[in-house]
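The values are calculated or read from the model by the stated rules, or taken from the named source; none is laboratory data. Remember, it's a predicted structure, so these values are computed and weren't measured experimentally. Positions of Cβ are generated from backbone atoms using ideal geometry, with glycine treated the same way; all protein chains shown enter the neighbour counts.
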Amino acid sequence: MQLEKSELNDQSMLQVYLKKTQLTVQAWNQYLAQCPDANWMQSWPYAKAAFLRDFKSLSTYIIYQKVDRSLNQTSEECDQVLGVFLIQSFKWSLVQSVELYRGPLWLQKTLDQFDQCDLIIAFAQQFVACFPRRLLHKRRWLPEFYNLNSNGSLQVTNQLLDTVAKLQKTGLKLRKETYFTSRVDLTKPLIEIKKNMHQKWRNCFNKSLVQNLILKEDYNLKTMDSFLDFYDQFKLQKKFNGPTSAFMMSEALAGKDFKMTFLLWAYVGATPSVQDNESYPDNYQIIHTEFNQTPIAGIWVAIHGQIASYRIGWNSLQGRKLNAHAFLLWKAIELLKLKNIHFFDLGGLLPKEAPELTSFKMGVGGQNQVYLGMFE
């Protein structure tokens with residue numbers, strides 16, 4: 001049984017409690033705008049898509065710091081909001097599952113005031129109390145808690161080991177699976193972002209600038225169907241398992257009305273460096289979009305608060321030869337800076353499963369984030 005409210009024991013210096021609330025999309029987005037680590041897994045559109053695919057319901061929670069109050073004050077009037085998180089849950093007969101991915105999200109003022117290790121431990125105690133693990137009750141939690149480094153491995157420190165030990169004392173079990181990503185700091189000038197690129201990636205980008213590539217932007221997702229058709233064929237060609245088009249369409253449409261998503265397409269101008277008949281293999285169907293041309297690459301970007309995420313993309317053979325993906329990522333960086341977005345999350349890194357894609361994303365020169373791991 002889920003508790004609507006849970007309080008930390010009096011022995012802890014940081015006393016917090018979790019309160020289940022019914023926030024609107026607008027209210028949730030307002031909270032995300034205050035969280036420097038907002039991400040797509042904690043976005044409303046992603047949760048909506050999960051509901052349609054897996055019948056998972058979503059619940060929003062607010063984390064409060066418990067403080068002393070006078071007799072005529074309610075807790076909400078004086079207790080400080082520390083952060084928020086979104087839970088996805090599933091129930092069928094006696095079977096229940098609760099999932100919290102890349103959360104909770106702490107407000108910037110919270111991170112300025114408290115140590116993140118103390119916050120995550122205080123939260124873990126309440127998470128375990130609210131969502132106890134027992135027979136037929138599954139619990140999964142990927143904390144938004146990471147190291148920043150350049151080599152893609154978790155940097156083990158005494159503080160990290162101490163934090164893991166305290167988390168496990170709450171009854172949580174750490175699994176081997178973890179999560180890696182990389183994000184570009186868009187608060188830096190474009191010249192500095194370009195300077196941080198790996199040399200090979202910078203060379204690809206510079207080559208794309210002389211290929212007469214044309215950028216097309218779609219903020220109303222009128223070409224989403226065509227984009228997903230290209231994406232499906234790209235998955236078949238590359239033989240990798242990615243999210244389904246149905247899931248991606250659900251997520252995109254859920255964010256469309258709130259200006260939280262857009263598509264970028266790359267086309268070749270009048271004098272391409274590579275002939276069109278070299279663009280695609282024989283079994284690759286040519287699909288013409290509403291732009292009445294044949295694109296050579298495309299990416300889809302989602303926005304959540306101060307953060308934007310590269311969700312999915314595809315590339316043709318011609319697009320690869322003309323470095324169209326590098327071209328599109330750079331254009332996304334330029335557009336996101338104009339929107340005052342602070343960070344561009346390049347999505348999950350899979351060093352073993354997709355080394356080529358991982359190398360490409362890391363080549364942008366962002367901050368590599370290695371997460372603590374999955375707890376149950």
Residue under question is LEU346, and the condition is that it be buried (at least 17 other Cβ atoms within 10 Å of the Cβ), within 17 Å of the chain's Cα centre (by Cα) and assigned to a helix (DSSP H, G or I); does it hold?
no
Going residue by residue through the stretch 167-190, is there one that turns out to be surrounded by 13 or more Cβ atoms within 10 Å (Cβ to Cβ), assigned to a helix (DSSP H, G or I) and in the same structural domain as HIS342 (by TED's automatic domain parsing)?
no
Return the residues of the stretch 192-217 that are more than 21 Å from the chain's Cα centre (by Cα) and closer than 18 Å to LYS339 by Cα; say none if nothing qualifies.
LEU215, LYS216, GLU217
Within 21 Å of the chain's Cα centre (by Cα) and either over 21 Å from SER89 (Cα atoms) or modelled with pLDDT of 90 or more (or both) - does that describe any residue in the stretch 130-139?
yes
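Here is a yes/no grid of residues against (1) out of contact with any strand residue (DSSP E or B) (no Cβ under 8 Å at 6 or more places or on another chain); (2) surrounded by fewer than 17 Cβ atoms within 10 Å (Cβ to Cβ):
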site	(1), (2)
MET13	yes, yes
VAL16	no, no
GLN22	no, yes
ALA27	yes, yes
ASN39	no, no
GLN42	no, no
ALA47	no, no
ASP54	no, yes
Quick check on the stretch 354-372: of everything there that is at pLDDT 85 or above and hydrophobic (A, V, I, L, M, F, W, C), which residue is farthest from ILE193 (Cα to Cα)?
PHE360
Residue satisfying condition, being of a type in the set (Lys, Arg) and part of a loop (DSSP other than H, G, I, E, B), within set LYS352, LYS361, LYS337, LYS331:
LYS352
Is it true that LEU160 is under 26 Å from SER309 (Cα atoms) and either modelled with pLDDT under 85 or not in a strand (DSSP E or B) (or both)?
no
Residue by residue through the stretch 168-198, note down the ones that are within 21 Å of ALA354 (Cα to Cα) and not small (Gly, Ala, Ser).
LYS176, GLU177, THR178, TYR179, PHE180, THR181, ARG183, VAL184, MET197, HIS198
With (1) within 30 Å of GLU99 (Cα to Cα); (2) touching a residue at least 60 places away in the same chain (Cβ under 8 Å) as the list, and LYS352 as the residue in question, which single condition is left unmet?
(2)
Those residues of the stretch 21-43 which are out of contact with any helix residue (DSSP H, G or I) (no Cβ under 9 Å at 6 or more places or on another chain), in a loop (DSSP other than H, G, I, E, B) and hydrophobic (A, V, I, L, M, F, W, C), in sequence order
ALA33
Checklist (1) modelled with pLDDT of 85 or more; (2) assigned to a loop (DSSP other than H, G, I, E, B); (3) more than 16 Å from LYS173 (Cβ to Cβ) applied to GLN88, failing item:
(2)
Subset of the stretch 313-331 (residues that are surrounded by fewer than 22 Cβ atoms within 10 Å (Cβ to Cβ) and within 16 Å of ASP218 (Cα to Cα)):
LYS331
Scan the stretch 236-272 residue by residue and report those that are charged (D, E, K, R) and touching a residue at least 24 places away in the same chain (Cβ under 8 Å).
GLU251, LYS256, LYS259
Please work out which residue is modelled with the lowest pLDDT, limiting yourself to the stretch 91-120 and to residues that are surrounded by fewer than 19 Cβ atoms within 10 Å (Cβ to Cβ) and among the basic types (Lys, Arg).
LYS91
